[in-house]
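The values are calculated or read from the model by the stated rules, or taken from the named source; none is laboratory data. Please read all numbers here as calculations on a predicted model, not as lab measurements. Quick reminder, even Gly has a Cβ in these numbers, built from the backbone with ideal geometry, and neighbours come from all protein chains shown. Just so you know, the surface numbers come from the protein's heavy atoms only, side chains and all, with ligands and any DNA or RNA stripped out. Shrake-Rupley method; radii C 1.70, N 1.55, O 1.52, S 1.80 Å.
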Amino acid sequence: MNDLIRSLVEAYGPSGFEDGVRDLIRPLIEPHADEVTVDALGNLIARKRATTGEANPLKVMIAAHMDEIGIMASHITEKGFLRFTNIGGVGSHTLLGGRVRFADGTLGIIGVDRMEDRNSIHPLNKHFIDVGATSRENCPVRVGDAAHFVRPFEARGRHLTAKSMDDRIGCAVAIEALRRLPADVSHDLYFVFSVQEEVGTRGAEAAANGIMPDVSIALDVTLTGDVPESRPMDVRLGAGPAIKVKDSGMIAHAGLVRLMRRRAEEAGIDYQLEVLEGGTTDARPMQLAGPGSVAGCISIPCRYVHTPSETVDASDVEGAVALLVTLLSADMEL
Amino acid sequence: METFELLKQLTEAPGPTGNEGGAAAVIESLWRPFVDEIVVDRVGSLLGIKRGAGPADRPRPSILLAAHMDELGLMVSRIVEHDGNGFLRVTELGGVDRRHLLGQTAIVHGTRPLTGVLGGLPDSYLSEKERDKAYSYENLVLDVGLPIDEVRRLVSIGDFVTFRQSLRKLQNGRVAGKALDNRASVTAVTICLEHLQQRRHTWDVIAVATSQEEETFLGAYTSAYAQRPDAAIAIDVTHAKGPGTNDSELMELGSGPVLDIGANVHPGLYGALRDAANALEMKIGTGVHAAGSGTDAYALQVARDGIPTGVLSIPLRYMHTMVETVDMGDVERVGRLLAEMVARLDDNFLGNIREELMRPEISIKNGRGRSVSSVSEDDGA
């Protein structure tokens, strides 16, 4: 599975510019879906129809977002340096000395205005990007061009590190689950590879309004409390996928949480329960869509979220795939 | 049923945001005799539908009355061990006023309900600086009195916690307790449904005890989408006067109902509620909000292709604590006003309020604008 993960995490796809990731995923899922479409916002939707002849099969929407955080050039100086703004939650403390790459392959180095006090961090607007240009005229980047952070995928035993585990690892889980699902399923499954999650869960909102799911499951990363002096949280790497109970944007459907726990226990899958005090996922707009859906989230515990070295544990990823497959393969009595 | 008894049953039922089943069960038993149909939807809202007396051969217009039933609560976020004892750390559900948590009694809804207390270090153990501050969630513990093994057996991360507080009578018709935000309004809707047993109304009434208002307005968004009503009213509590408040903006306990004017309120709904109050010779107060009302109206208004929405409020002191205080007279008057307003709705209502909105010379400034009915009289003159 590491080859799949590597190709996904190294791909270019800041929010709003997910085309490359979509082109990568589409051929991987087409053999396993009855229908693959792209909606007006750019969400990639793979539908696997219920085949068991139920009159009104449940519509189940599974969402993993394709987009990653990044930056966008907002101004080119006369000397050819870029000022930039953030795409999604980019922390200033993750920038200095980092590298970004634009859609056309242009590489940039992030520098910072003169620091008077090395103990304080400059805000984003006192950083610049150096692409090697010497003037506005010979700068290959234009205002509005987006870039992602550059950092190669590394597998260190079970620990996998990359710049966009959030949420290509969710995409990997969705792709792998789609491959492993039995040919015949009793629910109408909509695997949505969503756009623009990092800028307000926007893709999933539109996709959910189009699909009007009965049941919704987001696949995304969550924070952990297992590093020195971290904010206390009872989720750690390597203890299994986390079944979300609550985050700051949504409370998961209590019946769906119970069902996920039961399915995990029946299948012997280790799991954790997640109460996340900052952040939310595509489950929020899916829960709110139309007449409302039964919503929950399977989370992959991840250290250093929104830095270029997001780190997950391969066994948690494997557990997330197994949990999703067992959940979707069986009855959903809520 | 006596208003106190209604309030007592409704406020003492557990129904934290995201797990409203306990409150919904009580509401269902209270509403069932008054409505034609009860629906519990998949996001936890409870709907009581009472059909109107309009002609059977065409669809009747409907009005949705939304009172959220979820209450503030806590959720177990961590289980910690200390010398063999088990303690729970918690996080908030909805906007709990953290300063009030220390010393409260709570119920942990584990595999069985467990009574616990919210404690922290005694102040003699705290630094001068810490003594003046509220306990953070990292320092508060919820103690159910069990050793760690038993705690792990009975409690899971993500278990819901509600406050244990019975409703008490103060003097002068005032009552204090938990969850009066917003079970006071659920009580008012119940009183409205009871009044409507004796009143003819041509519109369908969709009473909704909404879920998860305190987090995302979930039940308001989804019930309004599913039911597609022609008009809606959110019933909620509003800050009441007391020492230290800005008295020019707030209403006294016992002076309600309060009608809101603001971005979430359609002037036609404001006018209809005001006309109904005039018909009852009931005094009303006016509340204002600039952008969001902080009520279900925020969500109801934008459902489907937009729903004309009003806001009706009950004054309340000590919001988001376990000693929220209301005047029972306000609760009863809000119920009676709702019933009057619903009974007065007729076939022309929607057309009239649309017409009124399109006439810039007719304003509802200071609540002294002309009413919907006087507009049609003027037209005839």
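Listing for the model above:
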item: Verdict on B:Glu340 being under 23 Å from B:Gly52 (Cα atoms), in the same structural domain as B:Gly242 (by TED's automatic domain parsing), modelled with pLDDT of 95 or more and of a type in the set (Asp, Glu); result: yes
item: Exclusive hit being at pLDDT below 95 and either farther than 16 Å from A:Leu181 by Cα or of a type in the set (A, V, I, L, M, F, W, C) (or both), set A:Ala55, A:Ala64; result: A:Ala55
item: All positions within the stretch B:206-220 that are over 19 Å from B:Leu10 (Cα atoms) and either surrounded by fewer than 24 Cβ atoms within 10 Å (Cβ to Cβ) or within 11 Å of chain A (Cβ to nearest Cβ) (or both); result: B:Glu215, B:Thr216, B:Phe217, B:Leu218, B:Ala220
item: Which numbered condition B:Leu74 misses (of (1) surrounded by fewer than 24 Cβ atoms within 10 Å (Cβ to Cβ); (2) touching a residue at least 24 places away in the same chain (Cβ under 8 Å)); result: (1)
item: The stretch A:253-278 - residue that is under 18 Å from the mean Cα position of the chain (by Cα) and either hydrophobic (A, V, I, L, M, F, W, C) or buried (at least 24 other Cβ atoms within 10 Å of the Cβ) (or both) and, of those, nearest to the other protein chains (Cβ to nearest Cβ); result: A:Glu274
item: Long-range neighbours under 7 Å by Cβ, at least six apart or interchain, first residue closer than 22 Å to A:Ile71 by Cα within the stretch A:2-14, second of a type in the set (Phe, Trp, Tyr); result: A:Arg6/A:Phe153; A:Val9/A:Phe153; A:Glu10/A:Phe153
item: Residue match in the stretch B:249-260 (condition: in a helix (DSSP H, G or I) and open to solvent by 50 Å² or more (accessible area, probe 1.4 Å)); result: no
item: Qualifying positions in the stretch A:145-179 - part of a helix (DSSP H, G or I) and touching a strand residue (DSSP E or B) at 6+ places or on another chain (Cβ under 6 Å); result: A:Met165, A:Asp166, A:Asp167, A:Ile169, A:Gly170, A:Cys171, A:Val173, A:Ala174, A:Leu178
item: Any hit, the stretch A:230-241, residues being within 28 Å of A:Asn2 (Cα to Cα), among the basic types (Lys, Arg) and part of a strand (DSSP E or B); result: no
item: Selection status of A:Glu318, free of Cβ contacts under 8 Å to residues at least 60 places away in the same chain and either outside any loop (DSSP other than H, G, I, E, B) or open to solvent by less than 20 Å² (accessible area, probe 1.4 Å) (or both); result: no
item: All helices (runs of 4 or more DSSP H) inside the stretch B:113-197 with 1 or more residues being open to solvent by less than 40 Å² (accessible area, probe 1.4 Å) and either closer than 28 Å to B:Thr3 by Cβ or outside the structural domain of B:Thr11 (by TED's automatic domain parsing) (or both); result: B:148-154, B:180-196
item: Residues of the stretch B:8-46 classified as outside any helix (DSSP H, G or I) and more than 14 Å from chain A (Cβ to nearest Cβ), total; result: 5
item: Per-region count, the stretch B:83-135, residues of a type in the set (D, E, K, R) and within 14 Å of chain A (Cβ to nearest Cβ); result: 3
item: Yes/no for B:Glu92 being outside the structural domain of B:His201 (by TED's automatic domain parsing), under 21 Å from A:Arg284 (Cα atoms) and among the acidic types (Asp, Glu); result: yes
item: Selection count, the stretch A:41-68, where residues are touching a strand residue (DSSP E or B) at 6+ places or on another chain (Cβ under 7 Å) and open to solvent by 70 Å² or more (accessible area, probe 1.4 Å); result: 1
item: Single residue of the stretch A:110-148 satisfying the filter (in contact (Cβ under 8 Å) with a residue 24 or more places away in the chain, touching a Gly at 6+ places or on another chain (Cβ under 6 Å) and under 17 Å from A:Gly98 (Cα atoms)) that is surrounded by the most Cβ atoms within 10 Å (Cβ to Cβ); result: A:Ala147
item: Enumeration of residues in the stretch B:47-82 that are in contact with a helix residue (DSSP H, G or I) (Cβ under 8 Å, 6 or more places away or on another chain), within 14 Å of chain A (Cβ to nearest Cβ) and farther than 16 Å from B:Cys192 by Cα; result: B:Asp70, B:Glu71, B:Leu72, B:Ile79, B:Glu81
item: Qualifying positions in the stretch A:217-246 - buried (at least 24 other Cβ atoms within 10 Å of the Cβ), over 21 Å from A:Leu160 (Cβ atoms) and more than 9 Å from chain B (Cβ to nearest Cβ); result: A:Ile217
item: Within the stretch A:295-315, considering residues that are surrounded by fewer than 24 Cβ atoms within 10 Å (Cβ to Cβ) and not small (Gly, Ala, Ser), the one nearest to A:Glu54 (Cα to Cα); result: A:Asp313
item: Meets criteria (of a type in the set (Gly, Ala, Ser), outside the structural domain of B:Ala25 (by TED's automatic domain parsing) and open to solvent by 40 Å² or more (accessible area, probe 1.4 Å)) for B:Ala106; result: no
item: Test for A:Pro182: is it more than 14 Å from chain B (Cβ to nearest Cβ) and surrounded by fewer than 24 Cβ atoms within 10 Å (Cβ to Cβ); result: yes
item: Residues of the stretch A:311-334 that turn out to be within 14 Å of another protein chain (Cβ to nearest Cβ) and over 30 Å from B:Val302 (Cα atoms), as a count; result: 2
item: Flag if B:Ser223 is of a type in the set (S, T, N, Q) and either free of Cβ contacts under 8 Å to residues at least 12 places away in the same chain or within 14 Å of another protein chain (Cβ to nearest Cβ) (or both); result: yes
item: Within the stretch A:279-310, considering residues that are within 19 Å of A:Arg258 (Cβ to Cβ) and among the β-branched types (Val, Ile, Thr), the one farthest from the other protein chains (Cβ to nearest Cβ); result: A:Ile298
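Residue-by-condition table, conditions (1) touching a residue at least 24 places away in the same chain (Cβ under 8 Å); (2) open to solvent by less than 10 Å² (accessible area, probe 1.4 Å); (3) in contact with a helix residue (DSSP H, G or I) (Cβ under 8 Å, 6 or more places away or on another chain):
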{"residue": "B:Asp230", "(1), (2), (3)": "yes, no, yes"}
{"residue": "B:Gly244", "(1), (2), (3)": "no, no, no"}
{"residue": "B:His266", "(1), (2), (3)": "yes, no, yes"}
{"residue": "B:Ala272", "(1), (2), (3)": "yes, no, yes"}
{"residue": "B:Asp275", "(1), (2), (3)": "yes, no, yes"}
{"residue": "B:Val288", "(1), (2), (3)": "yes, no, no"}
{"residue": "B:Ala291", "(1), (2), (3)": "yes, no, no"}
